[in-house]
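A short worksheet on the structure shown next.
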Amino acid sequence: MEEKENNSEKIQSLREMIYAAEKTLQGAKSMLLQLEGKKKVGRKKKTSAENEDGKITEGTFDGQIMIGTDGKQYPVPANYASKSKLVEGDILKLTITSDGSFIYKQIGPAERKRVIGIVNQDGEGNYFVLAENKPFRVLLASITYFKVAPGDEVTLIIPRDIDSDWGAIENILSNARQREIRENESPKAEISAKKNQSVIDEWMPDLEDLKKELKEE
């Protein structure tokens, strides 16, 4: 656990260093262009969400929230995270507009892999998916969106290079309730078939006698 925390701190520190270096490089290029008397070419126009009154920050998704490069925690709407199938390690850009709205955009997806698991629920009502002999926590919004229940088999997206405790449900493969109904109906159908066969066997001798009588007549 301690090693995992140390690695997470190192990763976050490296991301912050890269972010700071990129900002410094952009500033240096801008100063060089001004000294050379040149104008910037192909500069992206500011959108309404990126005006002077807005604030833009970047950060890393940890499975529930975004940890900004400024060290602050920012809430990520569960519905957005669920539908976008965000996983731990994804890089997000957050624009806080002048009216206080939060607009997220995924700008650096983490490497992913898919696993198959079974939906479960602990004693406190929290959902998780058991895959590769490990329980992965999932957002309640994913459970609601896919309408899954304990026992359902699902495809789960998890980070490829991060030992994450979180996963994102991608698809439902089989429904536990439907399987239970099929299993319960199968014995009933078998019993019914056996009863029908028993009735036929019971009447067979009488049918043979009837055939003989008809021939004799």
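Every read-out reported here was derived from the displayed coordinates using simple, explicitly stated rules and does not represent laboratory data. Quantities reported herein were computed from a predicted structural model and do not represent experimental measurements. Here Cβ is always computed from backbone atoms with ideal geometry, including for glycine, and neighbour counts include all displayed protein chains.
Report the FRET efficiency, 1/(1 + (r/R0)^6), for Ile107 and Lys147, where r is their Cβ-Cβ distance and R0 is 30 Å, rounded to 0.05. Provide the component values of the computation, followed by the final result.
Working: r = 31 Å, r/R0 = 1.02.
About 0.45, to the nearest 0.05.
Can you pick out the pairs among Lys10/Lys147; Lys93/Lys113; Lys55/Lys134; Lys55/Lys147; Lys55/Lys113 whose Cα atoms lie more than 31 Å from each other? Too far apart for the 31 Å limit: Lys10/Lys147; Lys55/Lys134; Lys55/Lys147; Lys55/Lys113.
The label point for Gln121 and the one for Leu173, both projected 7 Å from the Cα toward the Cβ, are 2.2 nm apart. Each label point was placed 7 Å from the Cα along the Cα-to-Cβ direction; for Ile96 and Asp165 their separation is 2.6 nm. Between Gln64 and Lys83, the contour length at 0.36 nm per residue exceeds the Cα-Cα span by 5.5 nm.
Projected label points at Arg114 and Lys72, each 7 Å from Cα along the beta carbon direction, are separated by 3.8 nanometres.
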